[in-house]
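Trainee: I'd like to ask some things about the structure below.
The values are calculated or read from the model by the stated rules, or taken from the named source; none is laboratory data. None of these values were measured; they are calculated from a predicted model. Note: ideal-geometry Cβ built from the backbone for every residue, glycine included; neighbour counts use all protein chains shown. Keep in mind that these areas ignore ligands, DNA and RNA; they rest on the heavy atoms of the full protein, side chains included. Shrake-Rupley method; radii C 1.70, N 1.55, O 1.52, S 1.80 Å.
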Amino acid sequence: MEEIKKRLAEFRAAMKGAGIAAAIIPQTDAHLGEYIADHWQVRRWLSGFTGSAGTLVFTPSETLLWTDSRYFLQAAEQLERTGITLMKDGLPGTPSIAAYLADNLVKGSTVGLDGKLFATTEIAELRAKLEKHGLNLNTHFDPIDTLWTDRPELPSAAVFIHEEKFAGRSAADKIRDTLAQVREQGAEAMFVSGLDEIAWVLNIRSSDVKRTPVATAFLYLSPKGSTLFIKEEKVSREVRDYLGAIGVGVRPYDAALPVLNALPDSTTVLVEAPRTSQAVIDALGARAVFGASPIIALKAVKNRVQIDGVRRAMEHDGAALVHALMEIERRMAAGNTLTELDIEEILTRHRSAQPYYFDDSFDTIAGYGPHGAIVHYSATPESASTLKPEGLLLIDSGAQYLWGTTDITRTIALGTPTPEEKRDFTLVMKGHIALATAIFPEGTRGGQLDALARQFLWQEGLSYLHGTGHGVGHFLSVHEGPQSIRLNDVPYALQPGMLTSNEPGLYRAGVHGIRCENLVLTVPAFTTEFGNFYRFETMTLCPFDLSLFDTAMMTPREIEWVNGYHAEVARRVSPLLEESARQWLAEKTRPLRSEK
């Protein structure tokens with residue numbers, strides 16, 4: 001805590017020296033990503049808060065951290081004794097950052113930030129709000145290199161080719177389709193900042209970002225010749241030749257902005273404003289054409305090869321989970337000491353034994369008892385609870401296979417579940433089943449389906465604050481747009497080929513957390529005179545804890561869904577198991593019986 005206080009004081013001194021009254025530090029990188037390399041973990045370094053979402057704000061007299069409901073409990077613990085005030089974003093009494101600065105700064109003051117870390121849309125909105133109150137905005141305030149003397153270098157992991165037998169389409173075809181849509185939007189070329197977009201369109205991967213197989217780079221796409229801006233030592237001769245064959249040259253990472261600045265004035269370059277930093281727009285100037293990135297929509301719809309690969313990944317992931325859950329159960333029964341940290345080790349060990357495993361897709365969340373109520377809990381040696389033969393264990397985990405990306409949450413009872421635990425679990429599962437069995441017309445957005453998963457909780461005066469579903473990439477980011485299923489409407493329709501999570505939950509602070517998550521694929525259902533209708537195919541293959549269902553609360557159709565799902569899990573995962581594991585799985589997928 002003393003080290004954190006020292007860093008905050010040094011940053012505040014740098015502000016004073018630059019004439020900055022307030023400063024904003026986001027949790028992102030120059031590519032505006034959610035998952036970022038250590039080099040860009042500035043907010044974490046300054047504050048000690050390790051959550052994946054949150055913004056640090058300095059004023060003349062205070063330091064504050066805005067974060068959302070997923071991290072309220074975690075942030076409260078990690079910010080204790082740092083002098084940083086937690087601002088609970090999204091609650092009615094919490095002002096926006098702009099409103100807070102307007103109320104707490106003297107007219108004529110300057111707010112500083114690093115324009116490389118903010119989308120041009122964010123900058124425009126913030127500047128307009130500040131100027132209304134007589135405040136100035138400096139987008140070139142970046143003292144971190146001077147203060148963070150042992151700052152990690154930009155990552156140097158090697159780039160490799162994601163073969164077409166996994167990707168399903170060649171990079172040449174993807175570039176052609178992308179540029180065709182660029183022309184439709186009135187531009188000649190396109191500049192891509194998103195690491196996931198670059199990885200997808202070029203069929204390349206790396207390990208620059210923990211748990212997300214992307215390479216730190218920028219990409220300029222043009223029919224006259226394309227350029228990948230990247231640390232050149234990361235690119236082998238094989239990869240360089242591969243890129244050259246599809247018309248993509250390689251230049252140093254730091255050359256991106258100077259090259260954009262030197263483009264002919266007649267060149268028109270498509271950029272998606274919410275995914276492009278102010279620094280890029282400053283370099284492009286009038287050459288920038290604002291529009292939607294074609295790549296985002298193209299990569300969200302998985303092709304047949306990718307979908308088949310995800311199915312295989314789910315089967316092997318299911319086998320790994322059977323072995324992991326068996327081991328946890330066996331060691332608990334034997335009275336062995338197990339902590340939350342042991343759960344991650346067990347899962348990773350069994351997954352890494354599966355073919356085409358590359359990495360976990362995010363840090364495992366293993367929350368026992370009250371820790372399960374912390375939505376994005378991350379166990380540390382200091383915080384890790386020891387498991388006991390009672391209560392609930394929430395396990396949210398996933399893996400990166402060359403076949404595809406997995407993400408699953410299971411809540412398991414470590415002893416005989418209480419009536420409240422069974423009731424809470426069953427309410428969550430009723431919502432999960434309602435969404436899993438939904439049929440909806442073409443053009444439906446996730447926000448229009450979200451209430452299906454919440455309805456049974458709402459009827460009991462219960463709720464959860466996170467989204468119900470997020471898109472998932474293919475051997476890419478475990479969180480991928482454009483689609484999502486959440487209370488606030490996101491203007492992207494669910495389309496066949498989109499992979500999305502189904503994860504309602506319930507969190508009782510200080511008691512337990514419950515979340516039940518499968519990944520679902522949007523597929524055609526049928527066509528009537530009213531148009532095309534879609535449904536979800538559940539992709540994840542792992543049993544739910546039968547002991548937690550209160551079948552007296554369930555309809556026959558809900559019980560039938562659980563039994564049908566478990567029969568499918570047993571059918572597809574059993575062939576990958578040895579006899580003892582097959583027997584274990586058979587017991588865990590036995591049919592539920594109604595208690596009515």
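Trainee: Segment 522-596 to segment 453-500: how many Å between their Cα centroids?
Mentor: Cα centroid of segment 522-596 versus Cα centroid of segment 453-500: 20 Å apart.
Trainee: Taking the solvent-accessible surface of protein heavy atoms with a 1.4 Å probe, what is the per residue accessible area of the chain in Å²?
Mentor: 40
Trainee: Quick one: with all protein chains in place, what share of the accessible area of the chain is carbon or sulfur, to the nearest percent (1.4 Å probe)?
Mentor: Here it works out to 52 percent.
Trainee: Would you kindly state how much longer the chain becomes between Arg486 and Ala76 on full extension, computed as 0.36 nm times their sequence separation minus their alpha carbon distance, in nm to one decimal?
Mentor: Extra length from Arg486 to Ala76 when fully extended: 145.1 nm.
Trainee: Then there is this: Describe numerically, in nm with one decimal, the distance between label points set 7 Å from Cα along Cα→Cβ at Ala13 and at Arg183.
Mentor: Placing both labels 7 Å beyond Cα along the Cβ direction yields 5.8 nm.
Trainee: Let me ask you something else. Could you list which residues have their amide H under 5 Å from that of Gln27, counting only those 5 or more apart in sequence or on another chain, with H placed in the peptide plane?
Mentor: Those qualifying (amide H under 5 Å, at least 5 residues apart or on another chain) are Gly54.
Trainee: Given the Cα-Cα distance of Arg330 and Gln448 and 0.36 nm per residue of separation, how much length would full extension add, in nm?
Mentor: 38.2 nm
Trainee: Straight-line reach only, C-alpha to C-alpha below 19 angstrom: list the lysines that Lys165 could link to, leaving out same-chain residues fewer than 8 apart.
Mentor: Output for Lys165: Lys174, Lys299, Lys302.
Trainee: In debye to the nearest 20, how big a dipole does segment 123-232 give about its Cα centre with +1 on each Lys and Arg Cβ and -1 on each Asp and Glu Cβ?
Mentor: 200
Trainee: Next up: Kirkwood Rh over alpha-carbon pairs of segment 142-254, then Stokes-Einstein at 10 °C and 1.306 mPa s: what D in µm² s⁻¹, rounded to an integer?
Mentor: Translational D for this selection: 107 µm²/s.
Trainee: Please give the net charge around Ala399, taking every other residue with its beta carbon less than 11 angstrom from that of Ala399, where Lys and Arg add +1 and Asp and Glu add -1.
Mentor: Summing Lys/Arg as +1 and Asp/Glu as -1 gives -2.
Trainee: Then there is this: Quick one: Karplus J couplings for segment 489-502, per residue in order, coefficients 6.51, -1.76, 1.60, θ = phi - 60°, nearest Hz, x for Gly and Pro?
Mentor: For segment 489-502, the Karplus-derived couplings read 6, 10, x, 10, 6, 6, 10, x, x, 7, 9, 9, 8, 10 Hz, x marking Gly and Pro.
Trainee: Out of Ser96, Ala75, Phe191, whose Cα points farthest toward the positive end of the dipole of the chain (charges: +1 Lys, Arg; -1 Asp, Glu; placed on Cβ)?
Mentor: Phe191
Trainee: Just the number, please: percent antiparallel of the DSSP beta bridges in segment 181-337, rounded to the nearest 5.
Mentor: Here the antiparallel bridges make up roughly 45 percent for segment 181-337.
Trainee: List the aspartates and glutamates whose Cα lies under 14 Å from the Cα of Lys388, skipping any in the same chain that are fewer than 8 positions away.
Mentor: List returned: Glu329, Glu340, Asp342.
Trainee: Please report the net charge: other residues with Cβ closer than 12 Å to the Cβ of Arg287, K and R +1, D and E -1.
Mentor: My count for the surroundings of Arg287 gives -3.
Trainee: To continue, here is another question. Separation between the Ala128 and Ser236 pseudo-spin-labels, each 7 Å from Cα along Cα→Cβ, expressed in nm?
Mentor: In this crude label model, Ala128 to Ser236 measures out at 4.9 nm.
Trainee: In whole Å, what is the distance between the alpha-carbon centres of segment 364-400 and segment 72-97?
Mentor: 22
Trainee: In addition: Dividing the alpha-carbon radius of gyration of segment 36-185 by 2.2 N^0.38 Å (N being the number of residues), what value is obtained?
Mentor: Normalised Rg, Cα atoms only: 1.36.
Trainee: Given points 7 Å out from each Cα along the Cα-Cβ axis, report the Glu537 to Arg304 separation in nanometres with one decimal.
Mentor: 1.2
Trainee: While we're on this one: In debye, nearest 20: dipole of the chain around its Cα centre with unit charges on the Cβ of K, R (+) and D, E (-)? List each step's numbers first, then the result.
Mentor: Details: 60 positive and 74 negative charges, 103 e Å.
In debye, rounded to 20, the chain gives about 500.
Trainee: Relative contact order, percent, of segment 81-203 when contacts are C-alpha pairs under 8 Å separated by at least 6 residues? If you can, show how the numbers build up before the last one.
Mentor: Details: 78 pairs, mean separation 23.4, N = 123.
Result for segment 81-203 is 19 percent.
Trainee: Give the relative contact order (percent, whole number) for segment 395-472; include only Cα pairs under 8 Å separated by 6+ residues.
Mentor: Numbers: 45 pairs, mean separation 17.8, N = 78.
Once divided by the residue count of segment 395-472, the mean separation gives 23 percent.
Trainee: For Lys16, which lysines qualify as cross-link partners when the Cα separation must be under 26 Å and same-chain residues fewer than eight apart are set aside?
Mentor: Counting by Cα, and skipping residues close in sequence, Lys16 has these lysines nearby: Lys5, Lys6, Lys107, Lys116, Lys129, Lys132.
Trainee: Further question on the same structure: Quote the relative contact order of the chain in percent (integer), defining contacts as alpha-carbon pairs under 8 Å separated by 6+ residues.
Mentor: Dividing the mean separation by the residue count of the chain yields 11 percent.
Trainee: Let me ask something else about it. Would you please name the GluC sites (Glu not before Pro) within segment 469-561 that are DSSP coil residues with at most 12 other C-beta atoms within 10 Å of their C-beta?
Mentor: Qualifying residues, ordered by number: Glu529.
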